[in-house]
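For reference, the structure discussed in these notes is given below.
Please treat every number below as a calculation from the coordinates, not as lab data. Not measured: the values here are computed from a predicted model. All Cβ positions, even for glycine, are placed from backbone atoms using ideal geometry, and neighbour counts span all protein chains on display.
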Amino acid sequence: MADINVTVTVDTAAITQQNLATTVVLTDDHGDSDDTPGDSETFDIHATAGQTVGFTIVAKDGTTPVSLVSFAQESGVDAFSPLPSSDNGFVGTVSSTVTGAEQFNITFTVNSVEYTLDPKLQTGQK
């Protein structure tokens with residue numbers, strides 16, 4: 001099990017490419033939340049170098065098919081090394097080179113349609 005577990009909850013009945021940030025809710029078991037309530041692209045995972053962060057995805061309705069596809073770095077320092085992937089059960093290790101906030105992309109599917117969200121990994125204390 002990861003040190004920090006992030007759940008990606010998708011409102012599959014309402015999601016579109018235009019409302020992605022408001023129809024996807026990210027939560028973790030450390031109490032992190034959106035900087036701007038209701039905007040998942042402002043979600044910060046607070047972690048320290050070497051901690052593992054695991055990701056799971058669920059449909060809000062509990063039945064619509066959803067799945068994680070891939071993770072990618074945005075510009076800047078690698079947030080994770082290695083990146084979460086299907087090969088490692090979507091668990092990544094926080095890179096020792098992160099010294100602040102680093103954005104990364106989470107690509108997932110809902111009914112075979114791909115969406116990409118870009119939350120942040122924040123090192124240090126809350």
Which one of Glu41, Glu102, Glu114 has the biggest mean-square fluctuation once the chain is modelled by GNM with Cα springs under 10 Å?
Glu114
Taking the alpha carbon gyration tensor of the range 28-97, what are the square roots of 5 times its eigenvalues, largest first, to the nearest whole Å?
21, 17, 12
Using only DSSP helix segments of four residues or longer, with each worth -39500 (n - 2.57), what per-residue ellipticity at 222 nm results for the chain after dividing by its residue count and rounding to 500?
-500 deg cm²/dmol
For the range 4-123, divide the Cα radius of gyration by the Kirkwood radius and give the resulting Rg/Rh value with two decimals.
0.94
Which whole-number percent is the relative contact order of the chain (Cα, under 8 Å, 6+ apart)?
26 percent
Leading residue at positive end of dipole, the chain (Cβ point charges), from Ser40, Val25, Met1:
Met1
Expected output is a single nm value to one decimal: the length gained when fully extending between Ser70 and Gln103, i.e. 0.36 nm times separation in residues minus the C-alpha distance. What is it?
10.4 nm
Give me the distance between the Cα centres of the range 53-112 and the range 1-16, rounded to whole Å.
10 Å
Out of residues 5 or more away from Ile45 or on other chains, whose amide H comes under 5 Å of its own, with H placed 1.01 Å from N in the peptide plane?
Lys120, Leu121, Gln122
